[in-house]
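Input: a single structure, listed below in structure tokens.
The values are calculated or read from the model by the stated rules, or taken from the named source; none is laboratory data. Everything numeric here is computed off the predicted structure, so don't read it as measured data. Virtual Cβ from ideal backbone geometry, glycine too; neighbours counted across all protein chains shown. Heavy atoms of the whole protein, side chains included, go into the accessibility calculation; ligands, DNA and RNA do not. Shrake-Rupley method; radii C 1.70, N 1.55, O 1.52, S 1.80 Å.
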There are 6 protein chains.
Amino acid sequence: MRPSGRTPDQMRSIEMIPGFSAHAEGSCLVKFGQTHVLVTASVEERVPPWLRGGGKGWVTAEYGMLPRATHTRGSREAAKGKQSGRTQEIQRLIGRSLRAVTDLTLLGERQITLDCDVIQADGGTRTAAISGAWVALRLAIDTIHKATPLAGDPLATQVAAISCGVYNGTPVLDLDYAEDSAAGTDANFVLTNKAGIVEVQGTAEGEPFDEETLLRLLRLARIGCNQVFAAQLQAVGR
Amino acid sequence: MRPSGRTPDQMRSIEMIPGFSAHAEGSCLVKFGQTHVLVTASVEERVPPWLRGGGKGWVTAEYGMLPRATHTRGSREAAKGKQSGRTQEIQRLIGRSLRAVTDLTLLGERQITLDCDVIQADGGTRTAAISGAWVALRLAIDTIHKATPLAGDPLATQVAAISCGVYNGTPVLDLDYAEDSAAGTDANFVLTNKAGIVEVQGTAEGEPFDEETLLRLLRLARIGCNQVFAAQLQAVGR
Amino acid sequence: MRPSGRTPDQMRSIEMIPGFSAHAEGSCLVKFGQTHVLVTASVEERVPPWLRGGGKGWVTAEYGMLPRATHTRGSREAAKGKQSGRTQEIQRLIGRSLRAVTDLTLLGERQITLDCDVIQADGGTRTAAISGAWVALRLAIDTIHKATPLAGDPLATQVAAISCGVYNGTPVLDLDYAEDSAAGTDANFVLTNKAGIVEVQGTAEGEPFDEETLLRLLRLARIGCNQVFAAQLQAVGR
Amino acid sequence: MRPSGRTPDQMRSIEMIPGFSAHAEGSCLVKFGQTHVLVTASVEERVPPWLRGGGKGWVTAEYGMLPRATHTRGSREAAKGKQSGRTQEIQRLIGRSLRAVTDLTLLGERQITLDCDVIQADGGTRTAAISGAWVALRLAIDTIHKATPLAGDPLATQVAAISCGVYNGTPVLDLDYAEDSAAGTDANFVLTNKAGIVEVQGTAEGEPFDEETLLRLLRLARIGCNQVFAAQLQAVGR
Amino acid sequence: MRPSGRTPDQMRSIEMIPGFSAHAEGSCLVKFGQTHVLVTASVEERVPPWLRGGGKGWVTAEYGMLPRATHTRGSREAAKGKQSGRTQEIQRLIGRSLRAVTDLTLLGERQITLDCDVIQADGGTRTAAISGAWVALRLAIDTIHKATPLAGDPLATQVAAISCGVYNGTPVLDLDYAEDSAAGTDANFVLTNKAGIVEVQGTAEGEPFDEETLLRLLRLARIGCNQVFAAQLQAVGR
Amino acid sequence: MRPSGRTPDQMRSIEMIPGFSAHAEGSCLVKFGQTHVLVTASVEERVPPWLRGGGKGWVTAEYGMLPRATHTRGSREAAKGKQSGRTQEIQRLIGRSLRAVTDLTLLGERQITLDCDVIQADGGTRTAAISGAWVALRLAIDTIHKATPLAGDPLATQVAAISCGVYNGTPVLDLDYAEDSAAGTDANFVLTNKAGIVEVQGTAEGEPFDEETLLRLLRLARIGCNQVFAAQLQAVGR
């Protein structure tokens, strides 16, 4: 039995509030149960040095967590003077995932920064961030397009992410913190709405796992991402 | 005329949502108009080294701003590797202000950290933070008291803060961003509900000001803080 | 009774040695009793990026304290790898205070950096620094004017600063370290020789204070600053 | 055709030189073709604070690359003052992978640090590092056991890693730099000699990939790791 | 001809003002012509971790330069966030030099920190610092001895330093900035009053030099150090 | 007797493996007994800002040590976030030494960076680094010359370095770690093959030394460097 009483393939309730931030070109407060992440998309009309003059744009991400988003207070990274390895790993993953579905040439020579800040954490913050980032990015691109029509849609594909794992010997979908901290195997999947895999990260926390388990978790992830895709569309009004 | 159409002694609407965070011992999302600050109070049963064994507690604060809380995106302090002078100045002010109304001996040998994170900024973030921090601190002390009754209330006095300034030659209450960036004189007041002044910080941005102006701004601040005191009481259910 | 035997409105002896440094365009060793601060003014014929091409100049300040300027040795900020919040707060205050009396357009597109280094500390280092910085700045502007006549005097107004506080229940002028560490209320005032207030920073270290006290401290500050203004004129030979 | 002329399921030549370092308790210079990584295992008779007194040991890893290990010189992380996100991600992966096959209770309250330094890089440095780290760890545990017999072998299982990818549309084994920089999909697999999966990290660099591709790459990885397992046994003389 | 008109073996005027600092256990403002260095000696009744419990003391040094000690302003190391290689090299040299003449066992388990801060620079700051540090250390040890008599004098030998160099083809004593920046060879000598060499650092800035030159510079250094020894004795009143 | 059984003027066996690195324009693995240093020379067709447009080139060095190059593991400088004073001192010395024999005008407006990484340490790493750096630099200049003929040879002179010291009262050549850690006096000499001295650094670890000892050590250094010069020529095939 899962601590939350959910069935193995049952996700937590998803909520996506578009336009949560007054200033950002695109934004979304995404909630996977008690995990709440605010994503803002900021557009700048310039790209990093290595891209200048090439006509292509860039999408990048930064990730942070409020010190008391978690059960016990963590120290503030700005005060410690550096971002942890975990933070850097996550923000690199978010950036790669969104770039995988963005046509940077159609975007044109501008950069969009996706700031993903965890307001409250209950497991799955990186996958919630990716899922909400798509909404913020979609809205930001719509904002750009309204002001300066683009030649085509740079974001024709949806991307979403979910974590699955083996809890008490059973593969389950959308781990919350209680499950995540006890799971034997933990895997994050980043999938597209066109049946593609963008990223798979599976880790054996205890015993190594087998191919069969990997495939089972992937199938659960598809179930979950399909629900996220629907929530994304609803949030952006399509 | 003020950009917002407010009268000189009119505050923005105040909203204080207690218990906003699921994990913190006390928390408050405070809104002064479009300025939104989340304050969490985290209790630890240990104090900084210089206080150990003395039987007294400690209250401290940290301050941060989400990169896109502002009109244009600011860089993330955790990524830059250090907190700005402005951030440090503000968090020192918040800590001093709350300690001024806390009886650290009654609190006992424990530390409460007030994390003030600006979700959205429209001027007056430090004064909103102080005002909301009182609510979070009040709730955290109530949480402590419920678990381990204290000998007396360490927080018998309320503290609140507000910024005033001279806009277009007229002293006005509760500056928003449009006013703040154009104000000739800008003053932050931290006041108690017992008519005391905890902190005054007045700065001439352009022309130096005179004693009369300082007094006029102080009087406006009293008007504003009285409204904040009422909102605080309502938020903590007293 | 004050530890030094001074009357409540009596300042420590002031000494200002202009041209203390052989290399700087302007310099002053300022002594408020046992507090000794060396201020140098360095002129550069270029301004920070955000001012370039606008024809206006800039005045900025940096503050430091020798490790053994104080009763017990403090650690060296260069060795720790960062400036404390206190240091940053002070150097921002010094910069603001001097800019408040400088006509940056008359100064022209050049920057003057005021380095304020505490050689010996006995309370009031920031206010001594501001007071001495005016002398160093005055001399640096004279140096510029001799080489390249300016259209007008960018520094037509004097600025000085002094700390006041409530010691043993009595408002007193120019706190030394013994008083400062015991004072109930501590206020720094930055005033001009034309009766203007540039900055007020009043803090209740213990009990909150009232409006009457604030005004009383302000009046003491005027008495003190008038003496500093006279010493400044003497130091620059006017 | 692969740039190196290898068949799709052909690895580069593997060389593992045990005891390369004179000082370390265990060491191995591992070569996957032109990728050369020196791994040393250092034993300390103390564990990190959070493990003290629990009777369990710890295995951790650090990763570095000589500035000119690569085609063009990279800047030195020690000179830049911080480790990149990539470095931190890799060293976390190496540590997790080796811990997955180590019985920390049998190891006893001591820490083994695996330093993986890339002397020369031609793709696949992280997987070579993991593969060589097993040899260094094996030798270090043997050294401990000789001095102080352990109750059982803490390292009864082998772990190895290999990267696979889709190059020019074809799944291939053991990517070199020329392939890695052009690959459409890139996946690192960490496998045990008992058919278990410790870690899967698959990333679509261009087009998303499908389940079939993931499985194909996993099968190639098994072929490669089996060769690495044999080389490991030979290196440690078993 | 030397820019200053001095003869090749003529030092600049030396001035050593003992007790310059009100707070330090020992201090000295040392002037070699226009090079002015303030040295303070701070005594702590504890030693670094690796010496604890061994009954021996420690002497260490830190070095700094005020930003405008030089002809053009240098950036402040505290603001840059790190000490330069030059600073670290110099403070290591000062520490080694003073430890070479200190009996750490007689000193007992306490640490003396020598802070050497350059108030004004005109060449030879490190050698002036070492020479003045002996005076500050002597006075600090006298202070300790007065409070807690030591079994013997830990500082029975004097140490001094001077820079020599080849200027316009002629070996000269005590380089000032004009000579130092043009010298072909530059050598710093740290000598004792008992004819011993503590440190030699000779560097060819242009052409390599020969053994004869090295010896000639050493002889000049003896001439100079003898004058410094006399000044030291006078400063400490012996 | 020396721990290694060598005679006082006997060097350890020298080995210099040119072209050790596949990617660098010049490289050398230099071994002085059990001290192994890998030096790579990287050519960039641009110089530091202060040299741009002047037609002159630059040679600089960086130094590092693998964490377990030594008997006990040292912490990784990249992880600590800064280079130690020792590291900076050594890399400045290497850079100066190689520039002393390089005609920067003949080199042309390009920079060569010499990365000296200690793979294994047994005393004398800085002198081995300098000696091997000449080989790497020679090979890199040959590489440049082959691609773009230079007007003349920028490296007409050889430079080498060796450490000498007083061990058990006897001056000895080429200290290994066992001697270095026990030596009373330690001196590093950087010499040219044309009888010139580039750098002398002599330090009394215990008792100060005298002129006679300095000269004796210098003579030993000449003996040692002559052997290094021969090994260098052999390594570069001249």
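The condition of being free of Cβ contacts under 8 Å to residues at least 24 places away in the same chain, open to solvent by less than 30 Å² (accessible area, probe 1.4 Å) and farther than 23 Å from D:ARG92 by Cβ holds for A:ARG68. Residues considered: C:THR35, C:THR60. Of these, the only one that is open to solvent by less than 20 Å² (accessible area, probe 1.4 Å), within 16 Å of the chain's Cα centre (by Cα) and hydroxyl-bearing (Ser, Thr, Tyr) is C:THR35.
Scanning region C:188-200 for residues that are open to solvent by 20 Å² or more (accessible area, probe 1.4 Å) and within 8 Å of chain B (Cβ to nearest Cβ) gives C:LYS194, C:ALA195.
Contact map, region A:183-212: residues that are among the charged types (D, E, K, R) paired with residues that are open to solvent by 10 Å² or more (accessible area, probe 1.4 Å) and modelled with pLDDT of 95 or more, Cβ distance under 6 Å, separation 6+ or inter-chain. Pairs shown: A:ASP186/A:THR203; A:LYS194/A:THR157; A:GLU199/D:THR203.
When region E:5-32 is filtered for residues that are within 14 Å of chain C (Cβ to nearest Cβ), open to solvent by 20 Å² or more (accessible area, probe 1.4 Å) and assigned to a loop (DSSP other than H, G, I, E, B), the ones remaining, listed by number, are E:ARG12, E:GLY19, E:PHE20, E:ALA22, E:HIS23, E:GLU25. Scanning region E:211-238 for residues that are open to solvent by 70 Å² or more (accessible area, probe 1.4 Å) and either out of contact with any Pro (no Cβ under 6 Å at 6 or more places or on another chain) or within 16 Å of E:VAL159 (Cβ to Cβ) (or both) gives E:GLU212, E:ARG219, E:ILE223, E:ASN226, E:GLN227, E:GLN234, E:ARG238.
Within region E:107-122, can you find the residues that are within 14 Å of the chain's Cα centre (by Cα) and crowded, with 24+ Cβ neighbours inside 10 Å? Passing the criteria: E:LEU114, E:ASP115, E:CYS116, E:ASP117.
From the list F:GLY132, F:GLY124, F:GLY85, the one residue that fits, being within 13 Å of another protein chain (Cβ to nearest Cβ), out of contact with any Pro (no Cβ under 9 Å at 6 or more places or on another chain) and of a type outside the set (Asp, Glu), is F:GLY85.
Would you confirm whether or not region F:63-83 contains a residue that is touching a Phe, Trp or Tyr at 6+ places or on another chain (Cβ under 7 Å) and β-branched (Val, Ile, Thr)? So far as region F:63-83 goes, no, none of its residues is touching a Phe, Trp or Tyr at 6+ places or on another chain (Cβ under 7 Å) and β-branched (Val, Ile, Thr). The criterion of being under 23 Å from E:GLY74 (Cβ atoms) and either free of Cβ contacts under 8 Å to residues at least 40 places away in the same chain or of a type in the set (Asp, Glu) (or both) holds for C:ARG92.
For region F:134-221, the strands (runs of 3 or more DSSP E) that sit wholly inside it and include 3 or more residues that are touching a strand residue (DSSP E or B) at 6+ places or on another chain (Cβ under 8 Å) and hydrophobic (A, V, I, L, M, F, W, C) are F:159-167, F:185-192, F:197-204. Looking at (1) more than 14 Å from chain C (Cβ to nearest Cβ); (2) crowded, with 18+ Cβ neighbours inside 10 Å, which is the one condition that is false for B:GLU44? Unmet for B:GLU44, out of (1) more than 14 Å from chain C (Cβ to nearest Cβ); (2) crowded, with 18+ Cβ neighbours inside 10 Å: (2). Condition check: surrounded by fewer than 21 Cβ atoms within 10 Å (Cβ to Cβ) and not in a loop (DSSP other than H, G, I, E, B). Does C:ARG126 satisfy that? Against the criterion (surrounded by fewer than 21 Cβ atoms within 10 Å (Cβ to Cβ) and not in a loop (DSSP other than H, G, I, E, B)), C:ARG126 does not qualify.
Right, D:GLN83: in contact with a strand residue (DSSP E or B) (Cβ under 9 Å, 6 or more places away or on another chain), modelled with pLDDT under 95 and open to solvent by less than 30 Å² (accessible area, probe 1.4 Å) or not? Yes: the conditions hold for D:GLN83. So E:SER42 clears everything in (1) touching a Leu at 6+ places or on another chain (Cβ under 7 Å); (2) in a strand (DSSP E or B); (3) over 24 Å from E:LEU175 (Cα atoms) except one condition, right? Which one? E:SER42 satisfies every listed condition except (1).
Of all residues in region D:90-105, those that are more than 18 Å from D:LYS194 (Cβ to Cβ) and either more than 18 Å from the chain's Cα centre (by Cα) or crowded, with 19+ Cβ neighbours inside 10 Å (or both) total 7. When C:THR185 is tested against the conditions (1) on the phi > 0 side of the Ramachandran plot; (2) among the polar types (S, T, N, Q); (3) within 14 Å of chain B (Cβ to nearest Cβ), the lone failure is (1).
Going by what's in this entry, would C:ALA151 be described as more than 14 Å from chain B (Cβ to nearest Cβ) and more than 18 Å from C:PHE189 (Cα to Cα)? So C:ALA151 passes the test. Considering only region D:159-174, I want to know if a residue exists there that is within 13 Å of another protein chain (Cβ to nearest Cβ), open to solvent by 10 Å² or more (accessible area, probe 1.4 Å) and either out of contact with any Ser or Thr (no Cβ under 6 Å at 6 or more places or on another chain) or of a type in the set (Val, Ile, Thr) (or both). Checked against the condition, which is being within 13 Å of another protein chain (Cβ to nearest Cβ), open to solvent by 10 Å² or more (accessible area, probe 1.4 Å) and either out of contact with any Ser or Thr (no Cβ under 6 Å at 6 or more places or on another chain) or of a type in the set (Val, Ile, Thr) (or both), region D:159-174 yields at least one hit. Being in contact with a Leu (Cβ under 8 Å, 6 or more places away or on another chain), away from chain F (no Cβ under 14 Å) and under 28 Å from E:GLY55 (Cα atoms): is that true of E:ILE119 here? Spelling it out, it is not the case that E:ILE119 is in contact with a Leu (Cβ under 8 Å, 6 or more places away or on another chain), away from chain F (no Cβ under 14 Å) and under 28 Å from E:GLY55 (Cα atoms).
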